[in-house]
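Written below as C-alpha cells is the structure these notes are about.
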Amino acid sequence: MDNYPGNYGPPEDFRRKSRRGSGLAYFAVGLIGAIIGGLIVATIVPAYFYSKYTPVPNSSGGSIAQQIVINPKEEITVAGAVAKKVMPTVVGISTISVRKDYFFGTRYTEGVGSGVIVDSRGYILTNSHVVGDNRSKLTVFLIDGRELEGKVLWQDAGLDLAVVKVEATDLTAAELGDSDSLGVGEIAIAIGNPLGLRYERTVTQGIVSGLNRSIMVDQSTIMEDLIQTDAAINPGNSGGPLINSKGQIIGINTVKASAEGLGFAIPINVTKPVIKQFVENGVFNPPYLGIYTLDREIVGYYETDIVIKSGLYIHEVIKGSAAETAGLREGDIITHIDNVEINTMLKLRSVLYNKKPGDTVNIKYQRNGKEYETQAVLQGR
C-alpha cells in the first residue's frame with residue numbers, strides 16, 4: 001500500500017498477479033539497471049529511482065528567477081539563456097543513511113542527487129528516492145557555496161516526489177511552467193548533478209520526445225503520465241528540473257530507461273497544489289478518498305479480465321472511507337471528479353491535491369454500464 005499513498009493504486013495482493021511473469025521481471029531488471037537515481041552510493045547499494053494549473057504565489061523577499069526575461073540574442077543560445085536564469089535555483093542534495101546490520105554492524109550509505117528551489121524561504125522540490133527514508137541525514141548545497149541541513153517535510157514514494165526545507169531566506173526561486181500545455185518536439189533542458197557534485201549543475205539539451213508515458217520501475221511500481229525527453233540524464237540528475245525554452249520548470253527528472261536518449265520526468269503541474277499549501281500554510285495535508293484504483297495502463301501489466309476503455313476501475317473500497325460513505329463499490333469506474341475527466345491515477349491525485357479535507361467533490365461513475373453521480377466528503381490522513 002505504501003506505493004500508493006491515499007489508496008489510489010492497486011493493493012499488494014493484486015500487484016503480485018503478474019500476467020507476464022518472468023518476462024516482466026527481466027524487463028524490470030533491465031530497466032532498473034539503467035534507472036536514473038539521485039543516489040550515487042558510496043557502498044554498493046541498489047537505488048530504485050523512481051493536472052489543471054494551480055498558480056503558486058510569488059514569495060516575498062528573495063530574488064525570483066521569473067524576474068529574468070529570456071530573450072536570447074544571436075550571441076547566446078537558448079540553453080545558455082535558460083542556464084543563466086535557472087542555475088541559481090538548482091541545488092545538490094547529499095544523504096547519509098545509517099543502517100544497522102546483524103552481521104556487519106552499522107553501515108553508512110552516502111548518495112547525491114539534485115533538487116530545485118521553489119520558494120525563496122527555503123522550500124526545495126526533489127525526488128522521494130533522493131531523500132531516502134526519515135533516517136537519512138540531508139545536506140543541501142547552494143550555488144553560493146553554502147551547505148545547509150535539510151529537513152524532509154513531505155514525500156510520496158508512489159509519485160517519487162518530496163519537499164525539503166532549509167533554514168534560509170532570500171533564495172532564488174524557480175518559475176514553474178505549465179506541463180499540461182507541453183507539445184512533442186519542444187525544447188527540453190535538464191540541469192542537475194550527474195555522477196555527483198564534481199559535475200554539479202551540468203546542463204544538457206534535448207526535446208520533449210513524448211507525453212503521458214508509463215514505465216514499470218519494478219514488479220510493484222508503475223509510474224505513469226511522465227514526460228519523455230532525450231535530454232541527457234545520468235545518475236545524480238534525479239530531482240533536478242526539466243526546463244522549457246522560457247526557463248520555466250516543466251518537470252522533475254526521475255528515471256532513465258536502458259536505451260540512450262530515453263529519460264522521464266514527473267510533470268510539474270501535479271506538484272503545484274503541494275507547493276502552494278507549503279508556501280501558504282507551512283504544511284501539506286492531502287485529502288483521502290479511500291479507494292484502490294486501476295487505469296487502462298496498469299491493467300495492461302497484470303493478469304486480469306478487467307477491461308477499461310476510460311476512467312479508473314475501483315478495485316477496492318476502504319471500509320469507513322469517504323468513498324464507502326458516498327456509495328462507491330468495487331467494480332465501479334470513476335469517470336469524472338468535479339467535471340474533470342479522470343483517466344489516470346496521477347490525474348486523480350492532481351485533482352484531489354487541489355482539495356482539502358472536508359471538501360465535497362462530485363463524482364461521476366459507471367456501474368454495470370449505467371452512469372451515476374454521487375458526492376463524497378474528503379477525509380484527512
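Read the figures in this text as sums done on the coordinates, not as results from a lab. Here the structure is a predicted model, which means the values were calculated and not measured.
Name the shape class, rounded, prolate or oblate, that the alpha-carbon gyration tensor gives for segment 201-325, where a ≥ b ≥ c are the square roots of its eigenvalues, rounded holds for a/c under 1.5, and otherwise prolate holds if a/b is larger than b/c and oblate otherwise. In terms of gyration-tensor shape, oblate.
Measuring against 30 Å, Cα to Cα, the residue pairs Lys85/Lys256; Lys85/Lys272; Lys246/Lys309; Lys84/Lys355 contain Lys246/Lys309; Lys84/Lys355 as the ones spanning a longer distance. Apply the a/c threshold of 1.5 to the C-alpha gyration tensor of segment 299-381 and tell me whether it is rounded, prolate or oblate. Cα axes put segment 299-381 in the prolate bin. Sort segment 144-284 into rounded, prolate or oblate with this rule: let a ≥ b ≥ c be the square roots of the eigenvalues of the Cα gyration tensor; rounded if a/c is under 1.5, and if a/c is not under 1.5, prolate when a/b is larger than b/c, oblate otherwise. Here segment 144-284 falls in the rounded category.
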